[in-house]
Amino acid sequence: MAEIAVRLVIEGRVQGVGFRYWTVEQAKEFKLTGWVRNRRDGTVEALVSGDEVAVKAMIAACAKGPLGARVAAVKQFPAAPPDEPGFRQRLTE
């Protein structure tokens, strides 16, 4: 299986609804590595890396988000895989 990494910027009502916690749980289920954080502009940013099928499934899940979220868009950008194992929350940037 091919390994890929993408940086996601998720727009909409995505802060204050548990999106980061939900993203960590989803990433663990999909066995992905990377991180997620809130951004000061009101979006959520994530680096997602792993098996291509799992990454695509994660992108599709992020397009829906957790209960209470209203995702308007998920922008994708090519990225390098993370340097650290696991998937975690980062501080707002």
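Around Lys75, what is the net charge, scoring Lys/Arg as +1 and Asp/Glu as -1 over all other residues with Cβ under 13 Å from its Cβ?
Neighbourhood net charge equals -1.
Sort all Cα-Cα distances of the chain into consecutive 5 angstrom bins from zero, then give the percent of pairs in each bin up to the one containing the longest distance.
3, 16, 29, 28, 16, 6, 1, 0
Take Ile59 and Ala2, extend 7 Å from each Cα along the Cα→Cβ direction, and tell me the distance between the two endpoints in nm.
Those two pseudo-labels are separated by 1.1 nm.
Cross-link partners among lysines for Lys64, C-alpha distance below 17 Å, same-chain residues fewer than 8 apart left out?
List returned: Lys56, Lys75.
Roughly how big is the chain's charge dipole about its Cα centre, with Cβ charges of +1 (Lys, Arg) and -1 (Asp, Glu), in debye to the nearest 20?
On the way: 14 positive and 11 negative charges, 79 e Å.
Charge dipole, the chain, about its Cα centre: 380 debye, nearest 20.
Using θ = phi - 60° and the Karplus curve 6.51 cos²θ - 1.76 cosθ + 1.60, what whole-Hz ³J(HN,Hα) does each residue of the stretch 13-26 get, with Gly and Pro shown as x?
Rounded to whole hertz, the list is 8, 10, 10, x, 10, x, 4, 5, 4, 4, 4, 4, 5, 5.
Taking only C-alpha pairs under 8 Å that are 6+ residues apart, what is the relative contact order of the chain in percent?
The value is 44 percent.
Val6: net charge of surrounding residues, Cβ under 14 Å, Lys/Arg +1, Asp/Glu -1, itself excluded?
Counting the neighbours of Val6, the net charge comes to -1.
Before rounding to the nearest 500, sum -39500 (n - 2.57) across all DSSP H runs of length at least 4 in the chain and divide by the residue total; then give [θ] at 222 nm in deg cm²/dmol. It would help to have the intermediate numbers written out before the result.
Working: 2 runs with 24 residues, N = 93.
Mean residue ellipticity, 222 nm, calculated: -8000 deg cm²/dmol.
Taking Rh as the Kirkwood radius, which is the inverse of the mean 1/r over Cα pairs, what is the Rg/Rh value for the stretch 16-69?
That ratio is 0.94, to two decimals.
Say a site is exposed when it is one of the trypsin sites (Lys or Arg not before Pro), sits in a DSSP loop, and has at most 12 other Cβ atoms within 10 Å; what is then the longest site-free stretch of the chain?
Free of exposed loop sites, the longest segment is 41-93.
Throughout, read-outs are computed from the coordinates displayed, never taken from laboratory work. Predicted, not measured: the structure shown is a model, and the values here were computed from it. Here the Cβ is made from the backbone with ideal geometry for all residues, glycine too, and neighbour counts use every protein chain on show.
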